[in-house]
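See below for the structure under consideration.
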Amino acid sequence: MHAAPVRAHALPSVTTALRAVESLLLSSGQRTARRNAWNAVLEDRRRAKDRVEAEHVLQAVAAHRS
């Protein structure tokens, strides 16, 4: 009985495949704009999370003083 052949190259990840399609469909400026927009979304989410955490801390301090 023979062992299954081992692949020399791993299959590309979904992210790699999407980036390849993106590079074919979008110009360099469009790719940069899309990535900048996505980074802005991630930063907004981080700031929103920080605001919620700060609000919880302030509420806990206010409750402790009451």
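The values are calculated or read from the model by the stated rules, or taken from the named source; none is laboratory data. No experiment lies behind these values; they were computed from the predicted model shown. In case anyone asks, the SASA skips ligands and DNA or RNA and just uses the protein heavy atoms, side chains included. Shrake-Rupley method; radii C 1.70, N 1.55, O 1.52, S 1.80 Å.
Could you list all residues from segment 8-66 that are in a helix (DSSP H, G or I), open to solvent by 80 Å² or more (accessible area, probe 1.4 Å) and hydrophobic (A, V, I, L, M, F, W, C)?
Listed by number, the residues that qualify are Val14, Leu18, Leu24, Leu25, Trp38, Val57, Leu58.
Is segment 34-48 home to any residue that is among the small types (Gly, Ala, Ser) and either over 21 Å from the mean Cα position of the chain (by Cα) or modelled with pLDDT under 85 (or both)?
So in segment 34-48, the residues among the small types (Gly, Ala, Ser) come out as 37, 40, 48.
From what is left, the residues that are either over 21 Å from the mean Cα position of the chain (by Cα) or modelled with pLDDT under 85 (or both) are none.
No, the conditions are met nowhere in segment 34-48.
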